[in-house]
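Structure record follows, encoded as structure tokens.
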Amino acid sequence: MGIGLAFLGAIVLFIVFLVGIYNNLVTLRNRFKNAFAQIDVQLKRRYDLIPNLVETAKGYMKHERETLEAVIGARNQAASAAKTAAADPSAAGAIKGLIGAEGALTGAMGRLFAVMESYPDLKANENMMAVQEELTTTENKVAFARQAYNDAVTLYNTAREKFPNVLIATPMGFQAAELFEIEAAEQREAPKVQF
């Protein structure tokens with residue numbers, strides 16, 4: 001009777017241990033998904049500001065239609081990639097797709113700002129200055145949100161790779177999460193929005 005109770009107690013402790021590992025992994029996975037949601041909020045804000053920037057610039061930059069269209073195209077592609085990633089940030093390739101689209105948008109915005117240097121009246125426009133200020137603030141918020149997301153992903157990935165967690169994580173479908181890292185050096189810096 002005593003051995004049976006001891007064996008039953010050991011099984012119960014083992015089950016409680018497994019449940020604790022599982023619950024910790026769920027908590028960490030939800031934390032990194034929430035952190036991505038914060039990035040998503042800031043990216044949407046930026047995507048909403050870009051058409052305002054382009055509209056303000058249109059009046060001054062009549063001969064730069066191709067540049068303006070490239071910015072809007074890159075913005076739409078990035079917004080689509082962000083929507084895909086927001087649906088499931090743990091999906092394989094979702095974050096990589098977003099990183100690529102964000103890189104294209106950063107490049108297009110950089111070209112736009114370079115062209116805008118040739119238009120002094122545009123640089124002095126009050127609407128343009130207000131949009132630039134909003135973009136600068138938003139870029140800073142995106143950077144902070146990305147750092148928080150990467151921290152949450154690192155905690156989650158570390159927890160799922162530790163022993164004995166890995167014995168539970170893999171069969172239960174806890175896949176590795178992607179860091180939101182900018183690959184190209186020129187993309188690591190936010191577009192300069194001040195003149």
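Here are some notes:
- All of 130, 79, 101, 86 fail the test of being farther than 30 Å from residue 154 by Cα and in a helix (DSSP H, G or I), apart from 130.
- Residue check for residue 127: in contact with a helix residue (DSSP H, G or I) (Cβ under 7 Å, 6 or more places away or on another chain) and surrounded by fewer than 17 Cβ atoms within 10 Å (Cβ to Cβ): yes
- The one condition in (1) loosely packed, with under 14 Cβ neighbours inside 10 Å; (2) among the polar types (S, T, N, Q); (3) more than 16 Å from residue 90 (Cβ to Cβ) that residue 138 fails to fulfil: (1)
- Residues in segment 163-179 that are of a type in the set (A, V, I, L, M, F, W, C) and either in contact (Cβ under 8 Å) with a residue 12 or more places away in the chain or under 16 Å from residue 33 (Cα atoms) (or both): 168, 169, 172, 174, 176, 177, 179.
- For segment 4-13, the count of residues that are more than 30 Å from residue 146 (Cβ to Cβ), over 26 Å from the mean Cα position of the chain (by Cα) and either of a type in the set (Phe, Trp, Tyr) or crowded, with 17+ Cβ neighbours inside 10 Å (or both) is at least one.
- Number of the condition not met by residue 6 [criteria: (1) within 22 Å of residue 178 (Cβ to Cβ); (2) at pLDDT below 90]: (1)
- Filtered residues of segment 56-71 (kept if exposed (fewer than 14 other Cβ atoms within 10 Å of the Cβ), part of a helix (DSSP H, G or I) and either of a type outside the set (Lys, Arg) or modelled with pLDDT of 95 or more (or both)): 66, 69
- Residue check, residue 50 under 16 Å from residue 110 (Cα atoms) and either modelled with pLDDT of 90 or more or touching an Asp or Glu at 6+ places or on another chain (Cβ under 9 Å) (or both): yes
Results for (1) basic (Lys, Arg); (2) without any contact (Cβ under 8 Å) to a residue 40 or more places away in the chain; (3) surrounded by 14 or more Cβ atoms within 10 Å (Cβ to Cβ), shown as yes or no for each residue.
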| residue | (1), (2), (3) |
| --- | --- |
| 81 | no, yes, yes |
| 98 | no, no, yes |
| 103 | no, no, yes |
| 148 | no, no, yes |
| 161 | no, yes, no |
| 181 | no, no, no |
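- Single condition residue 35 does not satisfy, out of (1) in contact with a Leu (Cβ under 7 Å, 6 or more places away or on another chain); (2) closer than 30 Å to residue 164 by Cα; (3) of a type outside the set (Asp, Glu): (1)
The values are calculated or read from the model by the stated rules, or taken from the named source; none is laboratory data. Predicted model, so just to flag it, every value in this text is computed and none were measured. With ideal geometry, Cβ positions are generated from the backbone for all residues, glycine too; neighbour counts draw on all protein chains shown.
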